[in-house]
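Q: Structure in structure tokens, see below.
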């Protein structure tokens with residue numbers, strides 16, 4: 001019995017010591033459902049907006065920079081996700097460890113420029129979006145807009 005208990009203890013210790021630290025978390029995206037005035041999904045086929053007419057800019061050092069190479073998304077500024085008819089825009093917000101709040105600009109076709117502000121929390125090498133605002137109005141991490 002002592003041998004079994006000692007063996008079990010050694011196995012548990014081995015697994016505890018071999019476990020890696022949790023992977024870094026980069027949770028910086030917002031999900032936006034883009035609707036028309038009549039309630040139609042503007043990202044669904046035939047889409048009013050797609051990757052060719054949506055532009056994303058980050059404000060870096062006070063200047064807008066076209067968002068073209070985010071580290072968290074393989075070089076795309078955003079994803080259009082969801083099943084057919086329920087597509088939404090997933091935007092990866094800019095974050096900077098030197099300031100907890102950053103600004104991202106988004107332009108849909110010829111419409112006016114909209115703003116998305118994000119407030120972030122940094123824990124070790126992980127980053128979490130804590131609060132988001134769309135055109136100055138507080139929003140959850142997933143929300144609807146009308147275009």
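The values are calculated or read from the model by the stated rules, or taken from the named source; none is laboratory data. Given the structure is predicted, the values throughout are model-derived calculations rather than measurements. Please note: Cβ atoms are built from the backbone with ideal geometry, for glycine as well, and neighbour counts cover all protein chains shown.
Q: Quickly run through the stretch 95-109 and pick out the residues that are within 15 Å of the chain's Cα centre (by Cα) and free of Cβ contacts under 8 Å to residues at least 40 places away in the same chain.
A: Of everything in the stretch 95-109, those that are within 15 Å of the chain's Cα centre (by Cα) and free of Cβ contacts under 8 Å to residues at least 40 places away in the same chain turn out to be 96, 101.
Q: Where the second residue is modelled with pLDDT of 90 or more and assigned to a loop (DSSP other than H, G, I, E, B) and the first is at negative phi and surrounded by 12 or more Cβ atoms within 10 Å (Cβ to Cβ) and lies in the stretch 75-92, which pairs have Cβ atoms under 6 Å and are six or more apart or on separate chains?
A: Matching pairs, first to second residue: 80/43; 80/87; 87/43; 87/44; 88/82; 92/28.
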